[in-house]
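The values are calculated or read from the model by the stated rules, or taken from the named source; none is laboratory data. These numbers were taken from a predicted model, which means no experiment stands behind them. Note that we place each Cβ from the backbone using ideal geometry, even for glycine, and neighbour counts take in every protein chain shown. These area figures cover heavy atoms from the full protein model, side chains too; ligands, DNA and RNA do not enter into them. Shrake-Rupley method; radii C 1.70, N 1.55, O 1.52, S 1.80 Å.
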Amino acid sequence: YPWDKSSLKSMPVDLQQFEKLDAYALKVNIKNSVEELVTALLKQARTDLEKVRAIWMWICHHIEYDVVGYHNKSQLSSKPIDVLQTGKSICEGYAGLFEQMCSIAGIQCMKLSGYSKGYSYKIGQTFTGDSDHAWNAVYLDGRWHLLDSTWGSGAVDDSFTKFTFRYNEFYFLTHPALFINNHFPDNSNWQLLKPTLTLKDFENNMLHNSSFYKLGLLTAQPQTAVIRTVNGKASVSVDCRSATLFKFELKGTDEHGLMTLKKHGMKLDIYPQKTGSHKLQIFAKPSKASEDVYNCVLEYVVECESVDKAMRFPKGLHQPVGPSWFTERQGFLRPSHPDPVIHTNDGRCSLTFTLGKDISVITLLHCDNSSLTEDKRRQHIMQIHRGNQIELKIHLPHAGNFVLKIYAKKKSDLGNYDYVFNYLITCLNTEVKWPAFPQVYSKWAEDYEILEPLSGLLPANRNVQFKLKMHGIAKVLVQADDAHPLTQSRGCWEGTCNTSGCREVFVMVQENANHSFYSHVLKYEVESQ
């Protein structure tokens, strides 16, 4: 104490060296005498550590938690021989059997009792009356070490009716600074900590269950289990060793928060949309994990006194928000906007990224109560490619909260685009009303660029100036009421066109001077008169 974060255990333990011993201990099958069982287990154990390990492994894999006995304690015996013969018990019996087996093996062992944050624990509860759990301390290499074979053996379900064997290495010789998180001994000396924690500290402290540490997570802020909002907002952050993916749920949904992934952890801002107390759960999984299973690593209660209505997010917002190490891995490098939220006053913004090799991008603009269709909203984003740089120009159709969703795939892949990440774009200015960009056809090449006119809606009865960056083509025509050819100078095609007498204007290109065939590349609408 304090925990130096190098190991979860209170002494150096090399689990690989235990592989043979563990396998041997699991196979021992003696149920009629504690002495005979210990004798058999010790055949493969030389050191005291190995003896304790063999006893621990055997108990964790052979004694099941007695859910029936827990509800009817008068029928229950916690005597070591009864626990051995029935193969089931509650914590009292696990700890008693462990103590007796160690005593036969000649190892000092204590049975400890105290309060625990186990299955019936509710966040923020206080502890009074008799202790509710039992565990052990063993004396190895001149010091005491803590372990809990009940919690090492498996888990009961939420309704406390079914036990499942699920071995948990975490509770073998756990570092005291971590063990105190959910075990508070009656006698504070058995915390094995200096200074010791008070019961009040234990009650207030955040519960980190074993998945928290097993996933390589180090610390979480705040350290108290109950968080009060300030001006409608509460924040949580987690630090971890290696790349980890996170999810969260506030009252069962992830709608009312903004979570961003950091290189070594994550940050979450919560904006509950109702007052009162809300359960907040945080889940995590290693980024390398193949299956999509997230473990719950933290639980808080958020006490919300006032609601910040301005922070009501669109339903289409997907967590986490903004760029991160994860989007970098998908080929989006050097983002111009590292933050998850982009505020625009005039309704326009522009984002740039350096793209990894061979990546094709599509984007969507989502808004909860927009009168525009998805295709129309998509026309409010323009992609511009310059070498390996991509620029996304956005002109919002109206004020509000928008989600910019970014999808990508390898150009060489024939399959669908995969979702990569999203931004929240907010605009409070109700005057904003940008027209869409011109409609783009398939012959418009990725590295072409419109310099003017950017607006897809042209004024009626006007001369409009065109300037387009295009290469590798023979001729360009702007087709309005009649055809206006553009001339090429310094890599751009330029010219004017008059919009009188037409509702639509098309830009057409002739790719080969020997053919008279023109392809449509752009379409503009003309304002009605």
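A few comments on the model shown:
- The set of residues in the stretch 252-270 that are more than 11 Å from the chain's Cα centre (by Cα), under 26 Å from GLU203 (Cα atoms) and at pLDDT 95 or above comprises ASP269, ILE270.
- Positions within the stretch 215-236 being without any contact (Cβ under 8 Å) to a residue 60 or more places away in the chain and within 24 Å of GLY152 (Cα to Cα), in sequence order: THR219
Here's the yes/no breakdown for (1) in contact with a Cys (Cβ under 6 Å, 6 or more places away or on another chain); (2) assigned by the TED database to the domain that holds PHE421; (3) small (Gly, Ala, Ser); (4) outside any loop (DSSP other than H, G, I, E, B):
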{"site": "PHE283", "(1), (2), (3), (4)": "yes, no, no, yes"}
{"site": "ALA310", "(1), (2), (3), (4)": "no, no, yes, yes"}
{"site": "ASP339", "(1), (2), (3), (4)": "no, yes, no, no"}
{"site": "VAL361", "(1), (2), (3), (4)": "no, yes, no, yes"}
{"site": "ILE394", "(1), (2), (3), (4)": "yes, yes, no, yes"}
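- Condition met for VAL230 (open to solvent by 20 Å² or more (accessible area, probe 1.4 Å), at pLDDT 95 or above and β-branched (Val, Ile, Thr)): yes
- Hits in the stretch 340-372 (condition: open to solvent by 80 Å² or more (accessible area, probe 1.4 Å) and without any contact (Cβ under 8 Å) to a residue 40 or more places away in the chain): LYS357, ASN369, SER371
- Comparison of VAL361, VAL307, VAL341 shows that the only residue that is more than 28 Å from PRO435 (Cβ to Cβ) and β-branched (Val, Ile, Thr) is VAL307.
- Screening the candidates SER78, SER74 for the property of being in contact with an Asp or Glu (Cβ under 6 Å, 6 or more places away or on another chain) and not in a strand (DSSP E or B) yields one hit, SER78.
- Considering only residues in the stretch 181-194 that are assigned to a loop (DSSP other than H, G, I, E, B) and either within 17 Å of TRP144 (Cβ to Cβ) or in contact with a Pro (Cβ under 8 Å, 6 or more places away or on another chain) (or both), the one that is modelled with the lowest pLDDT turns out to be LYS194.
- Odd one out for ILE123 among (1) among the β-branched types (Val, Ile, Thr); (2) free of Cβ contacts under 8 Å to residues at least 60 places away in the same chain; (3) farther than 19 Å from THR164 by Cα: (2)
- Members of the stretch 176-193 that are open to solvent by 50 Å² or more (accessible area, probe 1.4 Å) and either on the phi > 0 side of the Ramachandran plot or in contact with a Phe, Trp or Tyr (Cβ under 6 Å, 6 or more places away or on another chain) (or both): LEU192
- Against the list (1) in contact with a strand residue (DSSP E or B) (Cβ under 7 Å, 6 or more places away or on another chain); (2) modelled with pLDDT of 95 or more, the condition TYR448 fails is (2).
- Residues (out of contact with any strand residue (DSSP E or B) (no Cβ under 8 Å at 6 or more places or on another chain), surrounded by 15 or more Cβ atoms within 10 Å (Cβ to Cβ) and within 20 Å of ILE425 (Cβ to Cβ)) located in the stretch 280-339: none
- Each residue in the stretch 159-210 was checked for being hydroxyl-bearing (Ser, Thr, Tyr), in the same structural domain as THR128 (by the TED database) and closer than 24 Å to HIS62 by Cβ, and 5 pass.
- Condition met for LEU193 (touching a helix residue (DSSP H, G or I) at 6+ places or on another chain (Cβ under 9 Å) and farther than 17 Å from VAL302 by Cβ): yes
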